[in-house]
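So the structure is just underneath, and the comments pick up after that.
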Amino acid sequence: MIVTTVSIHVKDEFIDEFIKASIENHENSIKEPGNLRFDILQNIKDQSLFTFYEAYESDAAAAAHRETPHYKKWRDTVENWMASPRSGVPHRVISPLQRKYWKLD
């Protein structure tokens, strides 16, 4: 399993549009084979700061996400709304390792 946290700083005037585009990306991402979680978090103190928490069963599944039409649409749509380039940090999962604890249906 691989988890990537993506930090995104959005220009204030685009926050609402960014959220709408990101929810659409989320709704499609959670349907992908190999997706375990795709969470969108907004900083409480600075609402222009977002963190995406993306969990996939494998590096291949995470890479496949970046080739999907919905991801490419999101990427192209929000690119000019960002105050700085987004940054992603991959993480190795220590616990839980059992898939049944990841996906809540």
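Assorted remarks:
- Selection count, the stretch 21-60, where residues are more than 15 Å from THR77 (Cβ to Cβ) and among the small types (Gly, Ala, Ser): 5
- Tabulated pairs, the stretch 80-103, first modelled with pLDDT of 80 or more, second of a type in the set (A, V, I, L, M) and part of a loop (DSSP other than H, G, I, E, B), C-beta under 7 angstrom, 6+ apart or interchain: VAL93/MET1
- Residues (in contact with a strand residue (DSSP E or B) (Cβ under 7 Å, 6 or more places away or on another chain), within 21 Å of ASN43 (Cβ to Cβ) and not aliphatic (A, V, I, L, M)) located in the stretch 53-89: TYR53, GLU54, TRP81, SER84, ARG86, SER87, GLY88
- Residues in the stretch 36-45 include none that are modelled with pLDDT of 95 or more, aliphatic (A, V, I, L, M) and in contact with a Gly (Cβ under 9 Å, 6 or more places away or on another chain).
- Only residues that are surrounded by 12 or more Cβ atoms within 10 Å (Cβ to Cβ) and in a helix (DSSP H, G or I) were counted in the stretch 64-99, giving 11.
- Residue match in the stretch 33-52 (condition: part of a loop (DSSP other than H, G, I, E, B) and either surrounded by 15 or more Cβ atoms within 10 Å (Cβ to Cβ) or among the hydroxyl-bearing types (Ser, Thr, Tyr) (or both)): yes
- Near pairs, Cβ below 9 angstrom, 6+ apart or cross-chain, from the stretch 51-73 (more than 16 Å from ARG99 (Cβ to Cβ)) to any residue that is hydroxyl-bearing (Ser, Thr, Tyr) and part of a helix (DSSP H, G or I): PHE52/SER22; HIS65/SER29; HIS65/TYR71; THR68/SER29; HIS70/SER29; TYR71/SER29
The values are calculated or read from the model by the stated rules, or taken from the named source; none is laboratory data. This is a predicted model, so every value here is computed, not measured. So basically every Cβ, Gly included, is an ideal-geometry build from the backbone, and we count neighbours across all protein chains shown.
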